[in-house]
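See structure below.
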Amino acid sequence: NYANALNNPYAHLQRHLTVEDALKTRMLSWPLRLSDCCPSSDGACAVIFACEERAPKITDTPVWVRGAGQITDNYYVGDRPWFQDWDALSILARRVYKQAKIDNPLEELDVAELYNAFSIQEIIESEALNFCEAGKGAELVRKGVTSMEGKLPICPSGGVLCTNPIGASGLIRVGEAALQVMGKADKRQVANVKTALAHVWGAAIGFHVLMILG
(Lines give C-alpha, C1' and ligand atoms only; values in the text may rest on other atoms or scores of the structure.)
Protein backbone atom coordinates (compact mmCIF):
# COMPACT_ATOMS: atom_id res chain seq x y z
CA ASN A 1 0.00 0.00 0.00
CA TYR A 2 2.82 2.42 0.77
CA ALA A 3 4.39 1.60 -2.59
CA ASN A 4 1.08 2.20 -4.37
CA ALA A 5 0.59 5.52 -2.59
CA LEU A 6 3.77 6.83 -4.21
CA ASN A 7 1.83 6.82 -7.50
CA ASN A 8 -1.13 8.71 -6.03
CA PRO A 9 -0.81 12.51 -5.87
CA TYR A 10 -3.75 12.61 -3.43
CA ALA A 11 -2.19 10.19 -0.91
CA HIS A 12 -1.35 11.84 2.41
CA LEU A 13 1.45 9.43 3.36
CA GLN A 14 3.94 9.16 0.52
CA ARG A 15 7.09 7.36 1.57
CA HIS A 16 9.08 4.32 0.57
CA LEU A 17 8.74 1.85 3.43
CA THR A 18 10.75 -1.38 3.66
CA VAL A 19 9.96 -4.24 6.02
CA GLU A 20 12.88 -3.09 8.17
CA ASP A 21 11.53 0.47 8.23
CA ALA A 22 8.10 -0.79 9.29
CA LEU A 23 9.48 -2.93 12.10
CA LYS A 24 11.35 0.07 13.50
CA THR A 25 8.18 2.14 13.97
CA ARG A 26 6.82 2.26 17.49
CA MET A 27 4.31 -0.23 18.82
CA LEU A 28 0.83 1.27 19.26
CA SER A 29 -1.27 -1.73 20.27
CA TRP A 30 0.32 -5.15 19.92
CA PRO A 31 0.86 -6.43 17.28
CA LEU A 32 0.14 -3.22 15.35
CA ARG A 33 2.90 -0.68 14.92
CA LEU A 34 2.58 2.89 13.69
CA SER A 35 3.24 1.72 10.13
CA ASP A 36 0.26 -0.67 10.39
CA CYS A 37 -2.20 2.11 11.21
CA CYS A 38 -3.84 4.84 9.15
CA PRO A 39 -3.37 8.57 9.71
CA SER A 40 -6.12 10.98 10.64
CA SER A 41 -6.10 13.62 7.95
CA ASP A 42 -8.29 16.07 6.06
CA GLY A 43 -9.72 15.90 2.57
CA ALA A 44 -12.85 15.54 0.47
CA CYS A 45 -14.38 13.49 -2.33
CA ALA A 46 -17.30 13.97 -4.71
CA VAL A 47 -19.02 11.36 -6.87
CA ILE A 48 -21.76 12.14 -9.40
CA PHE A 49 -24.62 9.62 -9.58
CA ALA A 50 -26.94 9.91 -12.56
CA CYS A 51 -29.62 7.87 -14.30
CA GLU A 52 -28.89 5.79 -17.39
CA GLU A 53 -30.20 8.49 -19.72
CA ARG A 54 -28.32 11.35 -18.05
CA ALA A 55 -24.92 9.69 -17.41
CA PRO A 56 -23.70 9.64 -21.06
CA LYS A 57 -24.35 13.39 -21.28
CA ILE A 58 -21.99 13.97 -18.35
CA THR A 59 -19.11 11.73 -19.41
CA ASP A 60 -18.00 9.59 -22.33
CA THR A 61 -16.91 6.87 -19.89
CA PRO A 62 -19.79 6.28 -17.47
CA VAL A 63 -19.39 3.66 -14.76
CA TRP A 64 -22.40 1.53 -13.90
CA VAL A 65 -23.35 0.20 -10.47
CA ARG A 66 -23.78 -3.56 -10.99
CA GLY A 67 -24.43 -4.35 -7.33
CA ALA A 68 -24.59 -2.54 -4.00
CA GLY A 69 -25.60 -3.13 -0.41
CA GLN A 70 -25.07 -2.27 3.23
CA ILE A 71 -25.07 -4.28 6.45
CA THR A 72 -24.60 -3.47 10.14
CA ASP A 73 -22.97 -5.76 12.69
CA ASN A 74 -23.57 -5.73 16.46
CA TYR A 75 -23.78 -2.12 17.55
CA TYR A 76 -21.71 -2.61 20.71
CA VAL A 77 -18.02 -2.83 19.81
CA GLY A 78 -17.33 -5.47 22.45
CA ASP A 79 -19.80 -7.88 20.85
CA ARG A 80 -18.02 -8.00 17.49
CA PRO A 81 -15.59 -10.81 16.56
CA TRP A 82 -12.66 -8.56 15.64
CA PHE A 83 -10.07 -11.31 15.45
CA GLN A 84 -12.28 -13.82 13.64
CA ASP A 85 -13.87 -13.81 10.21
CA TRP A 86 -16.18 -10.87 9.61
CA ASP A 87 -19.48 -12.67 9.27
CA ALA A 88 -21.49 -9.57 8.39
CA LEU A 89 -19.18 -8.67 5.50
CA SER A 90 -19.31 -12.25 4.22
CA ILE A 91 -23.12 -12.15 4.23
CA LEU A 92 -23.15 -8.80 2.43
CA ALA A 93 -20.62 -10.01 -0.14
CA ARG A 94 -22.81 -12.97 -1.08
CA ARG A 95 -25.77 -10.64 -1.62
CA VAL A 96 -23.87 -8.10 -3.70
CA TYR A 97 -22.05 -10.75 -5.76
CA LYS A 98 -25.43 -12.26 -6.58
CA GLN A 99 -26.69 -8.88 -7.79
CA ALA A 100 -23.61 -8.40 -9.96
CA LYS A 101 -23.71 -12.04 -11.16
CA ILE A 102 -20.24 -12.76 -9.84
CA ASP A 103 -19.47 -16.36 -8.91
CA ASN A 104 -15.70 -16.23 -8.43
CA PRO A 105 -14.57 -12.78 -7.23
CA LEU A 106 -10.84 -13.54 -7.47
CA GLU A 107 -11.26 -14.38 -11.15
CA GLU A 108 -14.00 -11.93 -12.11
CA LEU A 109 -12.91 -8.75 -10.31
CA ASP A 110 -10.11 -6.71 -11.85
CA VAL A 111 -9.36 -4.45 -8.88
CA ALA A 112 -10.58 -3.88 -5.31
CA GLU A 113 -10.49 -0.74 -3.20
CA LEU A 114 -10.84 -1.97 0.38
CA TYR A 115 -11.24 0.06 3.55
CA ASN A 116 -7.87 -0.94 4.97
CA ALA A 117 -7.41 1.39 7.91
CA PHE A 118 -5.03 -1.17 9.43
CA SER A 119 -2.72 -3.64 7.71
CA ILE A 120 -4.44 -6.66 9.29
CA GLN A 121 -7.82 -5.39 8.10
CA GLU A 122 -7.01 -5.93 4.43
CA ILE A 123 -6.18 -9.59 5.17
CA ILE A 124 -9.41 -10.14 7.12
CA GLU A 125 -11.47 -8.43 4.41
CA SER A 126 -9.89 -10.48 1.63
CA GLU A 127 -11.02 -13.63 3.40
CA ALA A 128 -14.51 -12.30 4.16
CA LEU A 129 -14.94 -11.21 0.54
CA ASN A 130 -14.07 -14.72 -0.63
CA PHE A 131 -10.89 -13.75 -2.44
CA CYS A 132 -9.37 -16.77 -0.68
CA GLU A 133 -10.12 -19.38 1.96
CA ALA A 134 -10.24 -18.39 5.62
CA GLY A 135 -6.73 -18.13 7.03
CA LYS A 136 -5.16 -17.63 3.58
CA GLY A 137 -5.38 -13.84 3.32
CA ALA A 138 -1.72 -13.22 4.13
CA GLU A 139 -0.69 -15.66 1.39
CA LEU A 140 -2.37 -13.44 -1.22
CA VAL A 141 0.02 -10.67 -0.25
CA ARG A 142 3.10 -12.90 -0.05
CA LYS A 143 2.40 -14.40 -3.48
CA GLY A 144 1.89 -10.99 -5.10
CA VAL A 145 -1.77 -11.63 -5.95
CA THR A 146 -2.79 -8.23 -4.55
CA SER A 147 0.08 -6.22 -6.06
CA MET A 148 -0.35 -3.85 -8.99
CA GLU A 149 0.77 -6.61 -11.35
CA GLY A 150 -1.14 -9.39 -9.55
CA LYS A 151 -4.37 -11.20 -10.39
CA LEU A 152 -6.42 -8.90 -8.12
CA PRO A 153 -4.70 -5.61 -7.26
CA ILE A 154 -5.95 -4.26 -3.94
CA CYS A 155 -5.88 -0.52 -3.21
CA PRO A 156 -3.80 0.83 -6.11
CA SER A 157 -4.42 4.19 -4.44
CA GLY A 158 -2.61 3.15 -1.26
CA GLY A 159 -5.95 2.86 0.50
CA VAL A 160 -7.07 4.23 3.85
CA LEU A 161 -3.74 3.14 5.34
CA CYS A 162 -2.15 6.05 3.47
CA THR A 163 -5.05 8.52 3.20
CA ASN A 164 -7.75 8.85 5.85
CA PRO A 165 -9.84 12.04 5.77
CA ILE A 166 -12.44 10.61 8.17
CA GLY A 167 -15.93 10.98 6.74
CA ALA A 168 -14.66 10.94 3.15
CA SER A 169 -12.49 7.80 3.31
CA GLY A 170 -15.35 5.51 2.31
CA LEU A 171 -16.52 7.54 -0.67
CA ILE A 172 -12.92 7.79 -1.85
CA ARG A 173 -12.96 3.99 -2.24
CA VAL A 174 -15.91 4.35 -4.62
CA GLY A 175 -14.26 7.21 -6.47
CA GLU A 176 -10.98 5.33 -6.87
CA ALA A 177 -12.78 2.20 -8.08
CA ALA A 178 -14.73 4.30 -10.59
CA LEU A 179 -11.54 5.94 -11.88
CA GLN A 180 -10.06 2.48 -12.45
CA VAL A 181 -13.06 1.42 -14.57
CA MET A 182 -12.95 4.71 -16.48
CA GLY A 183 -9.23 4.26 -17.13
CA LYS A 184 -8.49 7.63 -15.53
CA ALA A 185 -6.40 6.63 -12.52
CA ASP A 186 -3.14 7.96 -14.00
CA LYS A 187 0.01 6.32 -12.59
CA ARG A 188 -2.05 4.10 -10.28
CA GLN A 189 -4.11 2.69 -13.16
CA VAL A 190 -4.42 -1.09 -13.41
CA ALA A 191 -4.53 -2.37 -16.99
CA ASN A 192 -7.83 -3.42 -18.60
CA VAL A 193 -10.15 -2.87 -15.63
CA LYS A 194 -13.74 -3.82 -16.44
CA THR A 195 -15.07 -4.64 -12.97
CA ALA A 196 -14.07 -3.07 -9.65
CA LEU A 197 -15.14 -3.55 -6.03
CA ALA A 198 -15.37 -0.75 -3.48
CA HIS A 199 -15.67 -1.50 0.24
CA VAL A 200 -16.56 0.92 3.04
CA TRP A 201 -16.32 0.22 6.78
CA GLY A 202 -17.59 2.17 9.75
CA ALA A 203 -15.75 1.15 12.90
CA ALA A 204 -17.87 3.01 15.43
CA ILE A 205 -21.22 1.48 14.45
CA GLY A 206 -19.97 -1.64 12.71
CA PHE A 207 -21.33 -1.22 9.19
CA HIS A 208 -20.04 -2.37 5.82
CA VAL A 209 -20.98 -1.07 2.36
CA LEU A 210 -20.08 -2.81 -0.88
CA MET A 211 -20.38 -1.64 -4.46
CA ILE A 212 -19.53 -3.48 -7.67
CA LEU A 213 -18.78 -1.08 -10.52
CA GLY A 214 -18.42 -1.95 -14.19
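The values are calculated or read from the model by the stated rules, or taken from the named source; none is laboratory data. Since we're looking at a predicted model, the values are computed, not measured. When we count neighbours, we look across all protein chains shown, and the Cβ atoms used for this are built from the backbone with ideal geometry, even at glycine. In case anyone asks, the SASA skips ligands and DNA or RNA and just uses the protein heavy atoms, side chains included. Shrake-Rupley method; radii C 1.70, N 1.55, O 1.52, S 1.80 Å.
In region 126-189, taking the dipole from charged Cβ atoms about the Cα centre, the farthest positive-side position among 189, 137, 161 is held by 189.
Kindly sort 54, 15 by accessible area of their heavy atoms, largest first, with the probe set to 1.4 Å. Walk me through the numbers on the way to the answer.
Details: 54 125, 15 95 Å².
The ordering from most to least exposed comes out as 54, 15.
Once you sort the root eigenvalues of the Cα gyration tensor of region 117-204 as a ≥ b ≥ c, which label holds: rounded (a/c under 1.5), prolate (a/b larger than b/c) or oblate (the other case)? Because a/c hits 1.5 or more and a/b fails to exceed b/c, region 117-204 counts as oblate.
Surface composition of region 1-129: carbon and sulfur atoms hold 53% of the protein heavy-atom accessible area at a 1.4 Å probe.
Rg/Rh for region 42-136 (Cα atoms only, Rh after Kirkwood) is 1.03. Note on the chain: helix-only mean residue ellipticity at 222 nm, from DSSP H runs of 4+ residues weighted -39500 (n - 2.57) and normalised by residue number, equals -7500 deg cm²/dmol.
In the elastic network of the chain, a GNM with C-alpha springs shorter than 10 Å, the most mobile of 46, 117, 198 is 46. Relative contact order of the chain: 32 percent, from C-alpha pairs under 8 Å at least 6 residues apart in sequence.
Can you give the charge dipole size of the chain about its Cα centre, rounded to the nearest 20 debye, using +1 on the beta carbon of Lys and Arg and -1 on the beta carbon of Asp and Glu? Let's see the in-between values first.
Numbers: 21 positive and 24 negative charges, 54 e Å.
I would put it at about 260 debye.
Over region 97-214, Cα pairs under 8 Å with separation of 6+ residues give a relative contact order of 30 percent. The residues of the chain expose on average 54 square angstrom of accessible surface per residue, using a 1.4 Å probe on protein heavy atoms.
Within region 135-214, what whole-number % of the accessible surface is contributed by carbon and sulfur, with the 1.4 Å probe and all protein chains included in the calculation?
58 percent
The antiparallel fraction among DSSP beta bridges confined to the chain stands at about 75%. Counting only Cα atoms, the size of region 1-66 along its three principal axes is 54, 24, 23 Å, in decreasing order. For the chain, the C-alpha radius of gyration divided by 2.2 N^0.38 Å, with N the number of residues, is 0.98. Work out the charge dipole of region 8-75 with +1 on the Cβ of Lys and Arg and -1 on the Cβ of Asp and Glu about the Cα centre, then indicate which of 67, 31, 10 is farthest towards its positive end. Checked the options; the winner is 31.
Ligands, DNA and RNA aside, residue 33 has an accessible area near 60 Å² when probed at 1.4 Å. Charges were assigned to the Cβ only: +1 to each Lys and Arg, -1 to each Asp and Glu. The resulting dipole of region 1-64 about its Cα centre is roughly 240 debye.
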